[in-house]
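A.B. asks: Got a structure here, written out as C-alpha cells. Questions coming.
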Amino acid sequence: MLRDNCLMVIKLYQNTMETESLAIQISDLRVDYEDFTAVKELNLSVGKGEIFGLVGPNGAGKTSTFKVLATLMEPTYGEVSIGGIDILENPSQARKIFGYMQDLAPVPTDLKVWEFLDLFARAYGLDKHAAKRRVDECLEIVNLSDKRTVYCKALSRGMTQRVVLAKSLLHMPQVLLLDEPASGMDTLSRVSLRNTLKALSSKGVTVLISSHILTELSSICTQVGIINEGQILDFGKPSDVVGRLGKSDSSRVIKVLLLKESLPLIEYLNDQALVANVETSEASIQFQFLGSLVQQVELLKSLMLKDFPIHSFEEVEVNIENVVLNLSKPVVSNGGQNSK
Amino acid sequence: MNLSELLFWRNPIFIRYCRAKLRPVSLISWSLIVLILTGFVFTLVYLLPQRSDVMTREEAARLTIIPLFIIQCFILMFKGSFSVASGITREGMEGVLDYQRLTPMSSFGKIIGYLFGLPVLDYVLFLLTLPFLIFTVVVGNVSLDILFRLYSVFFTSVLLYHMTGFMAGMVVSKRFLAGFISQTLMIGLYFILPSFSRLGYVFFEYLTVRPVVYYELSQLLPEEFERYVKLDTVNFFNLNFSVVSFSIVIQALLFFVFFMIVLRKWKQDSHHLLGKHFSVITYAGIIIALMGSMLPLINNGRIFPSQSARRFFEVDPTSYISPNEALLIPGLFGIVTLLLAIVIIGQMTPSFDKQMKGQRRVHKLNENRVDPGDDESTSIFHTIAIIGIAVISWNVFIGYLFESRWYEGWVLSKYSWIGTVLSLGLPILIYQMLLEFGGRRLAFISLLLGWLLPLFVGVLMMIATDSLVNAGTYILMLSGFAFPYFSVEAALTVNDTFVVNFPEAKKAFMHVAIIYATLFPLLFMKWRQHHVELNKKKKEVL
C-alpha cells in the first residue's frame with residue numbers, strides 16, 4: 001500500500017515539476033515579538049529535492065521561521081525566497097508553489113473531509129471535476145480514502161494531520177513546509193509520511209520539516225539543522241549531526257529507573273570510564289554510555305549483580321534538549337550559518 | 001483576479017459555506033421558525049385592521065410591509081451581521097483562516113466569498129419571506145418603483161452591516177465578543193449615531209435605511225402618516241441628492257473604508273486597521289461629509305434642535321436661538337472632530353514594539369528612517385495633518401454659523417482661531433505623544449483620569465449647587481473632551497440680552513490652556529527622549 005502511494009506521488013509529479021532549480025533561501029532573518037527575539041539573523045538554504053529537517057526544542061524559533069516562510073508573518077527584517085521568488089515582495093506568487101502544514105494543524109469542524117479538500121482544490125483554481133479527481137488522489141496518498149465523507153471533527157489527531165497534509169499537496173507544490181507534521185500521528189502514519197516525503201523528494205520537491213525529536217527526522221532528511229534561541233547551532237547530514245551529538249553506535253543515553261534513591265549507585269556510575277554526564281532525579285538516573293553494545297550489557301549486568309535498587313533500564317531517544325546541551329556555541333562561517 | 005471568484009455563487013468560499021450552513025436539519029429548523037413567525041405577524045397585521053374596519057383590504061396589505069420589513073431587517077442585518085462576525089472569528093480562532101490566506105485567490109475574491117458565504121443561511125431565510133412580500137405588492141398594489149428604491153438601500157445597508165461584522169471579526173479575536181461588538185456597532189450606527197441628526201449630524205442618519213424607509217414607506221401608508229415624511233431631497237453643500245442616492249453613496253463610502261480595513265487585516269494580521277495616509281484621507285472624508293450635510297442646515301435653522309423640533313411639530317420657527325444652543329452647536333462640532341481624531345490616531349500610532357521593529361529594519365538595511373507611510377513610523381506628522389484638517393474645518397464651520405442670522409448680536413473674537421488651535425491641537429498632540437511613548441495602556445489611563453474623570457466631577461459639581469459652578473467649570477475644563485466647547489464659549493461673546501451660564505468660562509479656558517501649554521513641552525521632551533532611546537536601543541540589540 002505504502003509503495004503504491006509513493007508510486008502515485010511520483011506519477012503525479014512527473015509532468016509538473018519545473019526544470020529550474022528549486023530552493024529555500026533565508027538570509028539574515030530576524031523575528032521579534034515584543035521584547036523577545038524568536039529568530040536571530042538566521043541564514044539557511046535548502047536545495048531542490050532536499051528534505052531538510054529543522055530540529056529544535058519548543059520556543060527555538062522553528063514555528064516563527066515557518067510562519068515567515070509561509071507568508072503568514074512579516075519578519076523584522078531579512079530576505080526570504082522560495083523557488084527563486086522573494087516571498088516578502090511577491091507573496092501571492094510564492095503561495096502558488098509551496099504547501100504549508102502548521103503544527104497541530106486545525107480543520108474546520110463544520111465540513112466533511114472531501115468538502116474541506118474540495119474547497120482548497122477550487123481555491124487553487126481547479127474546476128469541479130479536476131478538484132474531485134485531485135481530492136481523491138490526495139486522500140489516497142495519505143491513506144484516508146475511506147474517511148472521505150466523515151466530518152473533519154470526527155477525525156483523530158493523527159488523521160487530522162494527514163488530512164491537512166493532503167490539503168497541502170492539492171496544488172502539487174514545489175516546496176513543502178511542514179511544521180511538526182508528525183505530532184499526534186501513530187507509527188503507521190509516521191511511516192506513511194516518511195515514504196510520501198521521500199517519494200516527493202525524489203521528484204524534486206523540496207521539503208522543509210521541523211520536529212523537536214532528532215531521531216524522528218534523521219531517517220528521512222538529507223540535511224538537518226539544529227536550531228535553538230533563533231539560531232542555527234549545527235547542520236549537516238543527519239548521521240554527522242547525530243554523531244557529533246553523541247547518538248552513535250558507541251554513545252547512547254541510558255535511563256535507570258530506581259526503587260529508591262541510591263548514592264552508591266551514583267558513585268559507582270561516576271567511577272566507570274565509559275559513563276559520562278550522570279544526571280539524577282528522585283526515581284531515576286540518566287547517563288551517557290560511550291562504549292559498545294556488548295560493554296553496555298556488561299555494565300547493566302554488573303549493576304544488577306551489585307544489588308542496586310534498580311527497577312528497570314531504558315534507552316532514551318536523543319531529544320533536542322540533550323542536543324542543545326551539547327552545543328553551546330552557534331556555528332559561524334563566512335558571515336552566517338549555511339546548511340550547504 | 002479570477003472572474004469566478006467575483007461571481008460569488010462560483011466562489012469556492014461561498015460554495016464551502018453553502019455546504020456547511022445549508023445542511024437539511026439546520027435549514028429546515030430555521031425555515032420553520034421564520035415561516036411560522038412571519039406568517040403569524042403578517043396575517044395578524046393584515047387581518048386586524050380589516051376586522052375593525054379601520055382599513056380596506058388594499059390598505060391593510062400595504063401596512064403589512066412594515067412588520068415584514070422589520071423581520072427582514074432582523075434576519076439579514078442583525079442575525080446576518082452576527083453570522084459574519086462570529087463566523088470569521090471562529091475561522092481565525094480555529095486557525096483555518098490562515099489556510100485561506102495562503103491560497104492564491106485574490107483578496108477581493110476571498111472577501112466576497114466570506115461576505116456572501118457566512119450569512120448564506122440568512123439570505124435563504126430572507127428569500128422565504130418573499131412570498132409574503134409578493135402578496136403585499138399584488139394585493140396592496142404597491143409600486144415596484146418604490147419597492148426597488150427601498151430594497152436598493154436595504155441591500156446596501158445589509159452589505160455595510162455585514163462588512164461591519166466582517167471587520168469586527170477580523171479585528172477581535174474572541175468569537176462571541178466579535179459577534180457582540182458587531183451588533184453593538186450596528187446598534188450604534190443604527191440608533192445612537194442617527195439620534196445626533198437632531199443636532200445637525202444628519203449624515204449619520206443616511207448610514208441607515210431609515211430615511212429611505214420613512215420616505216418610501218410613508219407613500220404606501222394612509223395620509224395621516226404623511227407629516228412624518230420630512231425628507232425628499234438631501235442638501236450636500238450646494239448640491240441636491242435624492243434620499244436614495246445619497247444613502248447609497250454614503251453607505252458605499254463607509255463600506256469602502258471597512259473594506260480597506262478588512263483587506264489590510266487579510267493581507268497581514270499585524271497591520272494597523274488603516275494605513276497612515278489613508279487614515280488622514282478617511283478623516284478628511286468624514287469631516288467633509290459632516291460639513292457638507294451640516295452647512296445647508298444652518299440658514300433654515302434645522303441644525304438647531306429647537307428649530308428642528310418646531311418644524312417637526314409644525315410650529316412657526318422663531319428668529320432667535322438660545323445662547324446655550326448657540327454655543328452647543330459649534331462647541332459640539334469641535335468635540336466631534338476631536339473624538340474622531342482620537343479614534344483615527346489611536347489605530348495608526350505604532351506600539352513601542354512596532355516602532356522598534358521599524359528601527360531595527362532601517363538600521364539593518366542602512367536606511368535613514370522608516371518610511372513615513374509605514375505602520376512602524378511615528379504618527380506625529382499625520383497627527384499634525386489631522387489637527388490641521390480639524391482646525392480648518394472647525395473655523396469654517398464657526399464662520400458659516402456666525403455669518404448666519406441666528407448669531408446676530410454675537411461677537412466673535414478675532415483671536416478665536418487661536419482657541420481652536422489650542423483646544424484641538426494640544427489635546428490631540430498630547431494624546432498622540434502619550435500613545436507613542438507610553439503605549440495604549442498609559443494613553444487609556446490618561447484619558448480616563450485626565451479627561452473623563454474631570455468631566456464627570458465638573459458636571460456633578462456644577463449641578464450640585466450654585467456656589468460650585470465656577471470651581472466645577474475649572475475642573476470640567478481640564479478634560480480634553482470639554483476643552484473645545486469652552487474655547488467656543490471663550491471666543492463668542494453675547495450681547496447684553498442673554499446671560500451665559502458659566503461666566504467664568506473665559507477665565508477658566510485661559511487657565512486650562514496655560515496648563516495644557518505647560519504640559520505640552522514636557523511631554524514633547526519625553527517623546528523626543530523616547531525616540532532617542534529607540535535609536536540607541538536598536539544599535540545595542542544588533
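A.B. asks: Can you tell me which condition B:LEU130 does not meet? The list is (1) away from chain A (no Cβ under 14 Å); (2) open to solvent by 10 Å² or more (accessible area, probe 1.4 Å); (3) over 24 Å from B:LEU22 (Cα atoms), and all the others hold.
C.D. replies: It is condition (3) that B:LEU130 fails.
A.B. asks: Determine which member of the set B:LEU231, B:LEU159, B:LEU189 is touching a Phe, Trp or Tyr at 6+ places or on another chain (Cβ under 8 Å) and modelled with pLDDT of 80 or more.
C.D. replies: Numbers: B:LEU231 fails: modelled with pLDDT of 80 or more; B:LEU189 fails: modelled with pLDDT of 80 or more.
Going through B:LEU231, B:LEU159, B:LEU189 in turn, the sole match is B:LEU159.
A.B. asks: Now, a different point. Any chance you could count how many residues in the range B:81-102 are without any contact (Cβ under 8 Å) to a residue 24 or more places away in the chain and under 22 Å from A:ALA94 (Cβ atoms)?
C.D. replies: Final tally of qualifying residues: 6.
A.B. asks: A follow-up question, please. So B:LEU6 fits all but one of (1) farther than 30 Å from A:SER92 by Cβ; (2) surrounded by fewer than 19 Cβ atoms within 10 Å (Cβ to Cβ); (3) not aromatic (Phe, Trp, Tyr); what number is the exception?
C.D. replies: (1)
A.B. asks: Quick check: anything in the range A:87-103 without any contact (Cβ under 8 Å) to a residue 40 or more places away in the chain and either among the aromatic types (Phe, Trp, Tyr) or within 22 Å of A:CYS138 (Cβ to Cβ) (or both)?
C.D. replies: yes
A.B. asks: Return yes or no: is A:GLY204 assigned to a loop (DSSP other than H, G, I, E, B) and farther than 30 Å from A:LEU169 by Cβ? Break it down stepwise before answering.
C.D. replies: Details: assigned to a loop (DSSP other than H, G, I, E, B): yes; farther than 30 Å from A:LEU169 by Cβ: no.
Criteria not met by A:GLY204.
A.B. asks: Would you point out the residue of the range B:354-366, among those that are of a type in the set (Lys, Arg) and more than 36 Å from the chain's Cα centre (by Cα), that is surrounded by the most Cβ atoms within 10 Å (Cβ to Cβ)?
C.D. replies: Applying the filter and picking the extreme gives B:ARG360.
A.B. asks: Considering A:SER145, A:SER156, A:SER189, A:SER201, which residue is more than 14 Å from chain B (Cβ to nearest Cβ), open to solvent by 50 Å² or more (accessible area, probe 1.4 Å) and more than 28 Å from B:ARG10 (Cβ to Cβ)?
C.D. replies: Working: A:SER145 fails: more than 28 Å from B:ARG10 (Cβ to Cβ); A:SER189 fails: open to solvent by 50 Å² or more (accessible area, probe 1.4 Å); A:SER201 fails: open to solvent by 50 Å² or more (accessible area, probe 1.4 Å).
That would be A:SER156, the only listed residue that is more than 14 Å from chain B (Cβ to nearest Cβ), open to solvent by 50 Å² or more (accessible area, probe 1.4 Å) and more than 28 Å from B:ARG10 (Cβ to Cβ).
A.B. asks: Sticking with this one: Could you pull out the residue among B:VAL391, B:VAL370, B:VAL336 that is over 21 Å from the mean Cα position of the chain (by Cα) and open to solvent by less than 30 Å² (accessible area, probe 1.4 Å)?
C.D. replies: Working: B:VAL391 fails: over 21 Å from the mean Cα position of the chain (by Cα); B:VAL336 fails: over 21 Å from the mean Cα position of the chain (by Cα).
After applying the criteria, what remains is B:VAL370.
A.B. asks: Quick check on my filter: what residues within the range B:28-45 are under 16 Å from B:LEU127 (Cα atoms) and open to solvent by 50 Å² or more (accessible area, probe 1.4 Å)?
C.D. replies: B:ILE28, B:SER29, B:TRP30, B:LEU32, B:ILE33, B:LEU35, B:ILE36, B:LEU37
A.B. asks: Is there a residue being modelled with pLDDT of 85 or more, touching a Phe, Trp or Tyr at 6+ places or on another chain (Cβ under 9 Å), open to solvent by less than 10 Å² (accessible area, probe 1.4 Å) and within 30 Å of A:ASP127 (Cα to Cα) anywhere in the range A:217-234?
C.D. replies: The answer is no, given that none of the residues of the range A:217-234 is modelled with pLDDT of 85 or more, touching a Phe, Trp or Tyr at 6+ places or on another chain (Cβ under 9 Å), open to solvent by less than 10 Å² (accessible area, probe 1.4 Å) and within 30 Å of A:ASP127 (Cα to Cα).
A.B. asks: How many residues, within the range B:343-353, are outside any loop (DSSP other than H, G, I, E, B) and surrounded by 20 or more Cβ atoms within 10 Å (Cβ to Cβ)?
C.D. replies: Of the residues in the range B:343-353, 3 are outside any loop (DSSP other than H, G, I, E, B) and surrounded by 20 or more Cβ atoms within 10 Å (Cβ to Cβ).
A.B. asks: Within the range A:57-107, which residues are at the interface with chain B (Cβ under 8 Å from one of its Cβ atoms), part of a strand (DSSP E or B) and under 14 Å from the mean Cα position of the chain (by Cα)?
C.D. replies: Residue satisfying the conditions is A:TYR100 alone.
A.B. asks: A further question on this structure: Could you please find all residues in the range B:51-61 being open to solvent by less than 50 Å² (accessible area, probe 1.4 Å) and out of contact with any Phe, Trp or Tyr (no Cβ under 8 Å at 6 or more places or on another chain)?
C.D. replies: B:MET55, the sole residue that qualifies.
A.B. asks: Further question on the same structure: Out of B:LEU332, B:LEU340, I need the residue that is assigned to a helix (DSSP H, G or I) and either under 30 Å from B:LYS265 (Cα atoms) or at pLDDT below 85 (or both). Which one?
C.D. replies: Just one listed residue meets the conditions, B:LEU340.
A.B. asks: What number goes with the only condition from (1) open to solvent by 20 Å² or more (accessible area, probe 1.4 Å); (2) touching a helix residue (DSSP H, G or I) at 6+ places or on another chain (Cβ under 7 Å); (3) touching a residue at least 24 places away in the same chain (Cβ under 8 Å) that B:PHE397 does not pass?
C.D. replies: The single condition B:PHE397 does not satisfy is (1).
A.B. asks: Which count do you get for residues in the range B:99-113 that are closer than 19 Å to A:MET101 by Cβ and either in a helix (DSSP H, G or I) or polar (S, T, N, Q) (or both)?
C.D. replies: Residues that pass the stated criteria total 5.
A.B. asks: Going by the structure shown, is A:LEU139 facing chain B (nearest Cβ under 10 Å) and either in a loop (DSSP other than H, G, I, E, B) or open to solvent by less than 10 Å² (accessible area, probe 1.4 Å) (or both)?
C.D. replies: The answer is no for A:LEU139.
A.B. asks: Evaluate the range B:280-301: report whether one residue or more is surrounded by 22 or more Cβ atoms within 10 Å (Cβ to Cβ), at pLDDT 95 or above and not hydrophobic (A, V, I, L, M, F, W, C).
C.D. replies: Within the range B:280-301, one or more residues are surrounded by 22 or more Cβ atoms within 10 Å (Cβ to Cβ), at pLDDT 95 or above and not hydrophobic (A, V, I, L, M, F, W, C).
A.B. asks: Follow-up question, since we're still on this one. From the list B:LEU150, B:LEU159, B:LEU127, exactly one residue is under 16 Å from B:ARG62 (Cβ atoms) and of a type in the set (A, V, I, L, M). Which is it?
C.D. replies: Result of the check over B:LEU150, B:LEU159, B:LEU127: B:LEU150.
A.B. asks: For the range B:35-59, what are the residues that are without any contact (Cβ under 8 Å) to a residue 24 or more places away in the chain and either in a helix (DSSP H, G or I) or in contact with a strand residue (DSSP E or B) (Cβ under 9 Å, 6 or more places away or on another chain) (or both)?
C.D. replies: B:ILE36, B:PHE40, B:THR43, B:LEU44, B:VAL45, B:TYR46, B:LEU47, B:LEU48, B:PRO49, B:GLN50, B:ARG51
The values are calculated or read from the model by the stated rules, or taken from the named source; none is laboratory data. Remember, predicted model here, so these are calculated numbers, not experimental data. Glycine gets a Cβ as well: all are built from the backbone with ideal geometry, and neighbour counts include every protein chain shown. Just the protein is used for accessible areas: all its heavy atoms, side chains included, with ligands, DNA and RNA removed. Shrake-Rupley method; radii C 1.70, N 1.55, O 1.52, S 1.80 Å.
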